[in-house]
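Below is one structure, written out as structure tokens, with a few remarks after it.
The values are calculated or read from the model by the stated rules, or taken from the named source; none is laboratory data. This is a predicted model, so every value here is computed, not measured. Here Cβ is always computed from backbone atoms with ideal geometry, including for glycine, and neighbour counts include all displayed protein chains. The protein model used for the area step is the full one, side chains on, heavy atoms only, and it has no ligands, DNA or RNA in it. Shrake-Rupley method; radii C 1.70, N 1.55, O 1.52, S 1.80 Å.
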Amino acid sequence: MSAEGTDAKYVEDEKAVGLDVDVVPADELVEAQEMIRAEHEFTEDEYKRLMRKVDFALMPLLMITYGLQYSDKGSLSSGVVFGLKTDTHLVGNQYANLSSFFYMAYALSQIPMMMLIQRLPLGRSLSVCVIIWGALVMALAGCNNYAELSVVRVLLGWFEAVVTPGFGLLVSSWYLRKEQSLRQCFYYAMNTFFAIIFGLGIYYIALRAETHGGMQAWRVINLFLGGTTVGVGILLFIFIGTPDEVWWLSKREKIMAHARIVSNATGGGESHPWKWEQVRECFHDPQYFFTIMYNLLSTIPNGALGTFSVLVYESFGFTNLQSILYGLPSNAIGFSVVICSSFIVRYFPRARYPIALVCQIIPIVVFLFVGLAPDDTNKWAKWGVFSFVAVFAVTTFMVWPLMSINVAGRTKKSWVNSTSLFAYCVGNIIGTQIFLTSDAPKYLHGLTACAIVMSVNVLNISAWWFYYSRENRKREAAFVASGMSVEEREYQSKLAGETDMTDRQNPHFRYAC
């Protein structure tokens, strides 16, 4: 049979089982068919060997890079402890503005950078951005005034913005939906793990600077972190990418890697043309609005704590250096809860939203206790309670993977990720402004505001969970009524994912909740 005849046969076959193929080019449909058939050409042992190789090549680099992202952000707040304000002549709200400038650039870059990355090789694009971001962190060490710091912080926000959405796309290109949360939480957990390492490092750098003098400690910190980031960026350029991009897989292994994830029905991170119809669909999709609202509300406390957590510890009666040291247990608690939660969700997927809600409620109690505690409350009691504030990030690490797990369609996935992180930035900008110097030393208004915002987010998360559960029940009822076989449903769902259909276009898609 000719190639043209084969294409026609595939189209007729799909129409026979009810899949809308009118919008799918015949050659793309044939390619999708071949990939679906390839899924069963490999043994489980072959798949396991492949994934060990993938984990070894990708996960350490993703984890280190994500940890460096946190440390690079934290270099500004730690710089205050080491005289950055004095050395660069910052006055008034200029220090808080530097965080706002970063998040403004981070927000504005989301859509144009994701549109660009969708048209370019994913691994190369991410790697170049990481290298540039590392160079900019080093440039911070050379800044001597507010204007110079502002320019570098804006550029830093622009290039660092691609890391979180880009890594999500990368993970969805390699792993099954049930595997993605665990892998993503591994690199998310590096925020708190690197906070411990970074905290210890800057503590001893500060001690040395106080004892021996020399270059200001905040400049040394930025040179070290920036140089390390550039080095890791070069390794990313060599090793990371989608299955089609990397050099360390054979041709057979590349087919195997792609075939393994066809059951996701979400597509991967491969280059694709931009489809505005998928963008328009987002505005008719309730999960999009729940995602945006979550990212806005959850990051107001995040922006506040990222900039002012050291000052909150100082309000308990600790010195600058003690504030750094005594903040480490909080990060250790956060790290432990993230890792434990990710394993629980891997083996008990329905635990995702209960964990997210519990980890949102605990910090509400923490904020209210610290803000409303009488002045004569023992500082160690405040410290002990405040040490649990870091668990609020666990909620984010439970729901962020849903942006790649529950969203299908390459453009839709890019749009949801980029605009969600736009909301993330807006929340962080608001957060940097709610702790006012006039509220010192108790910061009652800032702590209470964080508790109120997180209470609203509890309602948002609950509604989001309810929506997914109801949508799955509706789709399951429609499937049962159709009389379609399970095998036929799975086949159509895979075909939808391989032909870049969205989760709403694919009635056989089920949401993880």
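A few notes on this one:
- Test: V312 is β-branched (V, I, T), at pLDDT below 90 and open to solvent by less than 30 Å² (accessible area, probe 1.4 Å): yes
- The residues listed here are G226, G303, G233; of these, the one that is in contact (Cβ under 8 Å) with a residue 24 or more places away in the chain and within 25 Å of F56 (Cβ to Cβ) is G233.
- T448 open to solvent by 10 Å² or more (accessible area, probe 1.4 Å), closer than 30 Å to E277 by Cα and assigned to a helix (DSSP H, G or I): no
- When F318 is tested against the conditions (1) touching an Asp or Glu at 6+ places or on another chain (Cβ under 6 Å); (2) modelled with pLDDT under 85, the lone failure is (1).
- Flag for R177 being modelled with pLDDT of 90 or more and open to solvent by 40 Å² or more (accessible area, probe 1.4 Å): yes
- Options V456, V426: the member that is aliphatic (A, V, I, L, M), closer than 24 Å to C282 by Cβ, modelled with pLDDT of 95 or more and part of a helix (DSSP H, G or I): V456
Residues checked against (1) within 17 Å of W400 (Cβ to Cβ); (2) surrounded by fewer than 18 Cβ atoms within 10 Å (Cβ to Cβ); (3) in contact with a helix residue (DSSP H, G or I) (Cβ under 9 Å, 6 or more places away or on another chain):
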| residue | (1), (2), (3) |
| --- | --- |
| G142 | no, yes, yes |
| S150 | no, yes, yes |
| F159 | no, no, yes |
| L170 | yes, no, yes |
| N222 | no, no, yes |
| I238 | no, yes, yes |
| P243 | no, no, yes |
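- Among residues of the range 327-345, those that are open to solvent by 60 Å² or more (accessible area, probe 1.4 Å) and in contact (Cβ under 8 Å) with a residue 40 or more places away in the chain, counted: 1
- Residues that are under 16 Å from L68 (Cβ atoms) and either in contact with a strand residue (DSSP E or B) (Cβ under 8 Å, 6 or more places away or on another chain) or not in a helix (DSSP H, G or I) (or both), drawn from the range 115-142: A141
- Checked against (1) over 23 Å from S99 (Cα atoms); (2) in contact with a Phe, Trp or Tyr (Cβ under 7 Å, 6 or more places away or on another chain); (3) small (G, A, S), A304 passes all but condition (1).
- Residue within the range 73-84 that is modelled with pLDDT under 85, within 19 Å of the chain's Cα centre (by Cα) and open to solvent by less than 40 Å² (accessible area, probe 1.4 Å) present: yes
- Considering only residues in the range 473-484 that are modelled with pLDDT of 90 or more and surrounded by 10 or more Cβ atoms within 10 Å (Cβ to Cβ), the one that is nearest to R37 (Cα to Cα) turns out to be F479.
- Of the helices (runs of 4 or more DSSP H) lying entirely inside the range 248-318, those carrying at least 1 residues that are under 26 Å from N472 (Cβ atoms) and hydroxyl-bearing (S, T, Y) are 286-315.
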